[in-house]
Amino acid sequence: MQVSQSEQLPKLPAGWKWIALEELCERVSVGHVGETSSHFTDSDGIKFLRSQNVRPGRVELHDIKHVSKSFHLKSKKSQLQQGDILVVRVGHNRGDCAVLPRGLGDVNCANIVFARLKDTKFSDYVGYFLNTKLGRSLLLAVSTGSAQAVLNTKSVAKVLIPKPPVEEAKIIGDWLKIIDDKIVLNQQTNKPTNQQTNKTLEQMAQVLFKSWFVDFNPVMDNALAAGNPIPGELTHRVEVRKKAHALPDFQPLPEHIRNLFPSEFEQTGEPTVGIGGCTPKDWTLGELSDLMVLQRGFDLPKHSRTDGEFPLMAASGQDGTHNQSKVAGPGVVTGRSGKLGVTTFVNEDFWPLNTTLWIKEYKASNPYHAFFFLQSLPLEEFNSGSAVPTLNRNHIHNYKCYIPSINVTEAFKEIISKYFTKLSENSKQNTRGC
């Protein structure tokens, strides 16, 4: 989409361009329109977002309503997905914008325009831009109506967005999110502070995992320093890394860690592995079963459970406690039946229920690496159930992936284990009410 000089939009860096939001989107739609109160149910229902739940940069859940599952299934048009851009369409907070975070499960909505992006790497970036002074003014400028201004789907779809290369958008979004969380953290006290600290620590760990095992930044840095050739599939990453190096707060990895990474890439022949099939040299091609072995959890009927010191882990996370454990911590579980895609790190000994898969053996991984690795996989796509979502461990064991150097995964463990020790301490403080 061409932008005329008269629109007085800022000049963009090389490689960026102004485009309509709809060019990034799979769809731009609106939440449920019509009466909803008769479908409200208790907290066991489906989360139902309304305009008051969407605030600039965040989704508020303290007064959220829930609707029946039948209403949710019937109202497919207003079902939300993780990474959707949410915009309040009418009312006193018209134009407030947030990104739907991960981990909320099924969500439906009303009085909200939402944009579903083709590539969710842009989600946080777009969300932050629409909350800037310029982004909000561009958004409100397309309001329609005289008596009461309204943002409709067609007008929101036409809002102009400064589009950077996808990797730059992801880096900007990741770091703004960390900074945003730190600001919120400083505004909290005591128990909320511990909760926000935990969130920030986990996000910092996610950024490190992505840098090492998804973007291969240390390998790229070593290759550039050595003057080694960069495969064509990775040339877009060269400029991204050079810009990162030029930032005033850029800090290179300590030499002893940097030396653990190779300085060359190689093509695996599997385009879905690594970046376009490229992985660090000597990080071999394999299957998930070469990294770890998943095992079905253990039966424990509710009438046989006794409250105790050990977490009971279900498909969606912890579901009470028991006076016995089955697995020594730290460990990792993910949903096997009913709820897929939720992966949980458990610091202490625990009992994984039969609705979960737990990692029985770490062949070329460890709990810290495995936790973020499983989080990065589209586990919902491995659903083999019909009526009830089910994850078959044999299917996921065959997933093609690369096997990183054990020295690198152990270095990651050494760094991240300190974060998770702090996470555990904070959680225990909150439980004690300290």
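The values are calculated or read from the model by the stated rules, or taken from the named source; none is laboratory data. Bear in mind that the values here come from a model prediction, so they are computed numbers and not experimental data. No Cβ is skipped: glycine too gets one built from the backbone with ideal geometry, and neighbour counts run over all protein chains shown.
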Practice task
Say whether the condition of being under 25 Å from the mean Cα position of the chain (by Cα), more than 18 Å from PHE209 (Cα to Cα) and not hydroxyl-bearing (Ser, Thr, Tyr) is met by at least one residue in region 251-269.
Solution key: no
Completion exercise
Expected output for region 264-275 (first residue at positive phi, partner surrounded by 15 or more Cβ atoms within 10 Å (Cβ to Cβ) and among the aromatic types (Phe, Trp, Tyr), Cβ below 7 Å, 6+ apart or cross-chain) is GLY274/TYR402
Fill in the blank from the handout: Among helices (runs of 4 or more DSSP H) entirely inside region 45-155, those with 1 or more residues being in contact (Cβ under 8 Å) with a residue 24 or more places away in the chain, in contact with a Gly (Cβ under 7 Å, 6 or more places away or on another chain) and surrounded by 17 or more Cβ atoms within 10 Å (Cβ to Cβ) are 123-130, 133-140
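Does ASP290 fit the bill of being in contact with a strand residue (DSSP E or B) (Cβ under 6 Å, 6 or more places away or on another chain), surrounded by 15 or more Cβ atoms within 10 Å (Cβ to Cβ), within 25 Å of ILE359 (Cβ to Cβ) and among the charged types (D, E, K, R)? Give the derivation first.
Working: in contact with a strand residue (DSSP E or B) (Cβ under 6 Å, 6 or more places away or on another chain): yes; surrounded by 15 or more Cβ atoms within 10 Å (Cβ to Cβ): yes; within 25 Å of ILE359 (Cβ to Cβ): yes; among the charged types (D, E, K, R): yes.
The answer is yes for ASP290.
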Completion exercise
If we keep only residues of region 326-367 that are touching a residue at least 60 places away in the same chain (Cβ under 8 Å) and not in a strand (DSSP E or B), then the residue surrounded by the most Cβ atoms within 10 Å (Cβ to Cβ) is SER365
Handout entry: Unique residue being out of contact with any helix residue (DSSP H, G or I) (no Cβ under 8 Å at 6 or more places or on another chain) and closer than 21 Å to GLY15 by Cβ when the list is LEU247, LEU224, LEU285, LEU234
Key = LEU247
Exercise for the section: Under 7 Å between Cβ atoms, at least 6 apart or on separate chains: pull out the pairs that start in region 167-196 with a residue that is more than 19 Å from LEU130 (Cα to Cα) and in a helix (DSSP H, G or I) and end on any residue that is modelled with pLDDT of 60 or more and acidic (Asp, Glu). Expected result: GLN196/ASP181
Problem - Boolean, ARG116 is touching a Leu at 6+ places or on another chain (Cβ under 9 Å), under 15 Å from LEU151 (Cβ atoms) and not aromatic (Phe, Trp, Tyr) - result: no
Exercise for the section: Kindly provide the set of residues from region 387-418 that are over 26 Å from ASN347 (Cβ atoms), among the aliphatic types (A, V, I, L, M) and assigned to a helix (DSSP H, G or I), ordered by number. Expected result: none
Practice task
For PRO229, state whether it is under 30 Å from PRO13 (Cβ atoms) and surrounded by fewer than 15 Cβ atoms within 10 Å (Cβ to Cβ).
Solution key: yes
